[in-house]
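A short worksheet on the structure shown next.
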Amino acid sequence: MDIMARAADLMEKEIPFCLATVVVSALPEIQPGRKAIVLEDGSLEGSLGTESLDIKLSGLALKAFKNKKRQLVEIDDGVQAFFDILTSDARLVVCGAGHIAVPLVRFARSIGFRVIVLDDRADFANPLRFPDCEVIAEDFTLALREMAFGPSTYVVVITRGHVHDVDCLTEILGKKMAYVGLIGSRRRVRIVLEILEKQGFSRKHLKKVFTPIGLPIGAESPEEIALSIVSELVCVRRKGPAQAKTLRAAVGIDL
Amino acid sequence: MNDKEIYQKLAELKDQGIAVCLATIVDTVGSTPREAGAKMIICADGTLYGSVGGGCGESEVRSSALRSILTTRKPELIEINLTDDIGTREGDVCGGTMQIFVEPLMS
């Protein structure tokens, strides 16, 4: 399998890797365009042309994995390679498959999120309503308890009632994730947060929840609300949670 | 198009035996429309997939890509300068420069 086909294959399998491409070379035996893949354990697939270059590549790629930065790296005198760090795509878990979920999932899919939709009502958590997604019709607590979370996991809690919101947040707040947002009026979200605080969650944990959810763009219709939520996901993914919080604070949302 | 879709598209075009070129932003200085890692596929008939920044410098990338697919068969590293003065007709005024690696991927 050639390197590009292997890259497509690794992405399909969601295995993170660094694709190094020689961009500048002063050495006649190393042609620009040569590629090699380094996996997260440092193992190499393909070769840049010489053993000493490959050994240096593995070490440098491991560093690049840590800071996740795509950049030009000088591998050896006169040899520069571009390190494309390709980690698994961001994954969105949507708790609640009601009328906001439909446009939300559509927008999130089109900007490259893998999406899991969860609801305990099988007629709502119906694959026909959510093409190209994993759809789970199961009790919120049980499904979330089984689910793997990680630094690329984004969670949107938009269930039909505050009791379900509490169930979802109770299950996920202790887990590592990139983002968690909770829908609701100020009154409803305050009730949810109070219940969680009584259950023993610290304020610090609760501060992580983006609520009321979404960037403040004055959204009203389900589609507009979905757009505001997806905008917040883009902001957190590209610029980090601090910028998303700043945008909210600018209009006085600071729960 | 995200990276996964770009790589899938490359694999698909290759299976079809279509000569393509991949342009990747490898370095940026100052304000540029996209960051390092943004990619665009250029086919020999001019079809594009993905983007390295829309109008800004795109025609230079296309020329480089067609040259490398059709003539030289070698990759090129080009610098796109987006520091035209404000007021220049159709000028690229984003303010930065970007290095774009343009490589032919033959089947």
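Is there a residue being among the aliphatic types (A, V, I, L, M), open to solvent by less than 10 Å² (accessible area, probe 1.4 Å) and not in a loop (DSSP other than H, G, I, E, B) anywhere in the stretch A:124-136? Within the stretch A:124-136, not a single residue is among the aliphatic types (A, V, I, L, M), open to solvent by less than 10 Å² (accessible area, probe 1.4 Å) and not in a loop (DSSP other than H, G, I, E, B).
Restricted to the stretch A:24-57, and to residues there that are among the basic types (Lys, Arg) and without any contact (Cβ under 8 Å) to a residue 24 or more places away in the chain, the residue that is nearest to the other protein chains (Cβ to nearest Cβ) is A:34. Only residues that are surrounded by 14 or more Cβ atoms within 10 Å (Cβ to Cβ) and under 26 Å from residue A:222 (Cβ atoms) were counted in the stretch A:174-189, giving 10. Checked against (1) within 23 Å of residue A:31 (Cβ to Cβ); (2) modelled with pLDDT under 90, residue B:36 passes all but a single condition, namely (2). Looking only at residues in the stretch B:6-27 that are within 8 Å of chain A (Cβ to nearest Cβ) and without any contact (Cβ under 8 Å) to a residue 40 or more places away in the chain, the one that is most open to solvent (accessible area, probe 1.4 Å) is B:8.
The single residue among B:100, B:69, B:78 that is at pLDDT 90 or above, more than 12 Å from chain A (Cβ to nearest Cβ) and either touching a helix residue (DSSP H, G or I) at 6+ places or on another chain (Cβ under 9 Å) or within 21 Å of residue A:25 (Cα to Cα) (or both) turns out to be B:69. On inspection, residue A:96 fails the criterion of being within 14 Å of chain B (Cβ to nearest Cβ) and either open to solvent by less than 10 Å² (accessible area, probe 1.4 Å) or at pLDDT below 95 (or both). Restricting the stretch B:57-66 to residues that are surrounded by fewer than 18 Cβ atoms within 10 Å (Cβ to Cβ) and among the small types (Gly, Ala, Ser), the residue that is farthest from the other protein chains (Cβ to nearest Cβ) is B:59. Within the stretch A:226-239, being touching a residue at least 40 places away in the same chain (Cβ under 8 Å) and open to solvent by 40 Å² or more (accessible area, probe 1.4 Å) holds for A:227, A:234, A:237. Being touching a strand residue (DSSP E or B) at 6+ places or on another chain (Cβ under 7 Å), at negative phi and at pLDDT 95 or above is a condition met by no residue of the stretch A:234-254.
If a residue has to be closer than 18 Å to residue A:238 by Cα and either modelled with pLDDT of 85 or more or part of a loop (DSSP other than H, G, I, E, B) (or both) to count, how many in the stretch B:1-25 make the cut? Quick ask: steps written out before the conclusion?
Residues of the stretch B:1-25 closer than 18 Å to residue A:238 by Cα: B:1-4, B:25.
Among the residues that remain, those that are also either modelled with pLDDT of 85 or more or part of a loop (DSSP other than H, G, I, E, B) (or both) are: B:1-3, B:25.
Counting residues in the stretch B:1-25 that are closer than 18 Å to residue A:238 by Cα and either modelled with pLDDT of 85 or more or part of a loop (DSSP other than H, G, I, E, B) (or both) gives 4.
Residues in the stretch A:78-103 that are closer than 17 Å to residue A:225 by Cβ and within 15 Å of the chain's Cα centre (by Cα): A:92, A:94. When you scan the stretch A:161-168, do you find a residue that is open to solvent by less than 10 Å² (accessible area, probe 1.4 Å), part of a loop (DSSP other than H, G, I, E, B) and in the same structural domain as residue A:201 (by TED's automatic domain parsing), even just one? Looking through the stretch A:161-168, none of the residues is open to solvent by less than 10 Å² (accessible area, probe 1.4 Å), part of a loop (DSSP other than H, G, I, E, B) and in the same structural domain as residue A:201 (by TED's automatic domain parsing).
All of A:101, A:90 fail the test of being in contact with a strand residue (DSSP E or B) (Cβ under 8 Å, 6 or more places away or on another chain) and within 14 Å of another protein chain (Cβ to nearest Cβ), apart from A:90.
Suppose we filter B:30, B:54, B:87, B:46 for residues that are among the small types (Gly, Ala, Ser) and either at pLDDT 90 or above or open to solvent by 70 Å² or more (accessible area, probe 1.4 Å) (or both); which single one remains?
Just a single option satisfies the conditions, and that option is B:87.
The residues of the stretch A:62-87 that are of a type in the set (Gly, Ala, Ser) and in contact with a helix residue (DSSP H, G or I) (Cβ under 8 Å, 6 or more places away or on another chain) amount to a single one, A:81. Here residue A:128 fulfils each of the conditions (1) under 22 Å from residue A:198 (Cα atoms); (2) more than 18 Å from the chain's Cα centre (by Cα) apart from (1).
The values are calculated or read from the model by the stated rules, or taken from the named source; none is laboratory data. None of the values given here were measured: they were computed from a predicted structure. When we count neighbours, we look across all protein chains shown, and the Cβ atoms used for this are built from the backbone with ideal geometry, even at glycine. Accessible surface areas use protein heavy atoms only, side chains included; no ligands, DNA or RNA. Shrake-Rupley method; radii C 1.70, N 1.55, O 1.52, S 1.80 Å.
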